[in-house]
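Notes follow once the structure below has been shown.
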Amino acid sequence: ERALNYYEDKFTTAIDFLNGVNYYYGNGRYKMSSFHLHQSTENFLRTISLVYILYSPKNHNLDELIRGCKAYTTELCKAFPRNTPEEERLFDLLQRSYIESRYNPNFEITKDDICALVPKVELLKQIVEKVCRERFDYYDSRISEMSE
C-alpha cells in the first residue's frame, strides 16, 4: 500500500513536470523546459526506488539516481544511453539543467536539445511504469501466497 501511494505521488508529479516541458517549450522558454525535464526525470527515477524499497535518497544528481535504480532494472540504459559523444552531451545538459537553467544566465539549451531529450524522458516514463507494475504484481503474488 505504501509503495502504491509513493508511486501515485511521484509518478504523477513526474508527469506534471513533463506537461510543464510542453508548456514552456511552446512559449520558447527552453531553459524552463530543461528544468522541467530534469524534474520529470528525477521524479520518475525516485518512483522506482520508492516502489522497491520505500525510500529515495535526497539527491538531484541524475547519474547517481540512475546508478541506484540499476539494482532494480537495467532498462534505464535504454532511455539514457551514453555511448556516443552526442548522447553524453545531452545527458550532461539534462543533468546540469537543474541548477544552470535557474541560476546561470549564460546557460544555453536549444529547441533541438529539448526535442532530443523529450523522447528519452518519455521512454523513461514507459520503463518506470512497466518496472513498477511488475513489482506490484510481485507484491500481489506474495500477498496471495501469504493468505493461502
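The values are calculated or read from the model by the stated rules, or taken from the named source; none is laboratory data. Bear in mind the structure is a predicted one, so any value in this text is a computation, not a measurement. Positions of Cβ are backbone-derived with ideal geometry, glycine not excepted, and every protein chain shown enters the neighbour counts. Remember, those area values only see protein heavy atoms, side chains included, never the ligands or the DNA or RNA. Shrake-Rupley method; radii C 1.70, N 1.55, O 1.52, S 1.80 Å.
Extent of the chain along each principal axis, from alpha carbon coordinates, in Å, largest to smallest?
Rounded to whole Å, the extents work out to 61, 30, 24 Å.
Could you size up the charge dipole of the chain around its Cα centre, putting +1 on the beta carbon of Lys and Arg and -1 on that of Asp and Glu, and report it in debye to the nearest 20? Mind dumping the intermediate values first?
On the way: 20 positive and 23 negative charges, 68 e Å.
Value, rounded to 20: 320 debye.
Taking the mean number of other Cβ atoms within 10 Å as a proxy for protection, how do you rank 110-122, 32-44 from highest to lowest? Before the final figure, lay out the partial values.
Numbers: 110-122: 15.8, 32-44: 24.9.
Per-residue Cβ counts within 10 Å, averaged per peptide and sorted highest first, yield 32-44, 110-122.
Just to confirm, what accessible area per residue do you get for the chain at 1.4 Å probe, in whole Å²?
Details: 8190 Å² over 148 residues.
So the chain comes to 55 Å² accessible per residue, rounded to a whole number.
How far apart, in nanometres, would the label points at Glu88 and Lys58 be if each is projected 7 angstrom from Cα along the Cα-to-Cβ direction?
3.3
Can you work out the Karplus-derived ³J(HN,Hα) for every residue in region 68-83? Use 6.51 cos²θ - 1.76 cosθ + 1.60 with θ = phi - 60°, whole Hz, and x for glycine or proline.
Using θ = phi - 60°, the values come out as x, 7, 5, 5, 9, 6, 9, 5, 4, 4, 5, 6, 10, x, 9, 9 Hz.
List the chymotrypsin sites (Phe, Trp or Tyr not before Pro) within region 46-90 that DSSP assigns to loop and that have no more than 11 neighbouring Cβ atoms inside 10 Å. Intermediate values should be presented prior to the final figure.
Working: sites: Tyr52, Tyr55, Tyr72; in loops: Tyr55, Tyr72.
Passing both the DSSP loop test and the Cβ count: Tyr55.
In percent, how large is the relative contact order of region 4-125, given Cα pairs closer than 8 Å and 6 or more residues apart? Intermediate results must be reported in sequence, preceding the final value.
Values: 134 pairs, mean separation 38.4, N = 122.
Relative contact order comes out at 31 percent.
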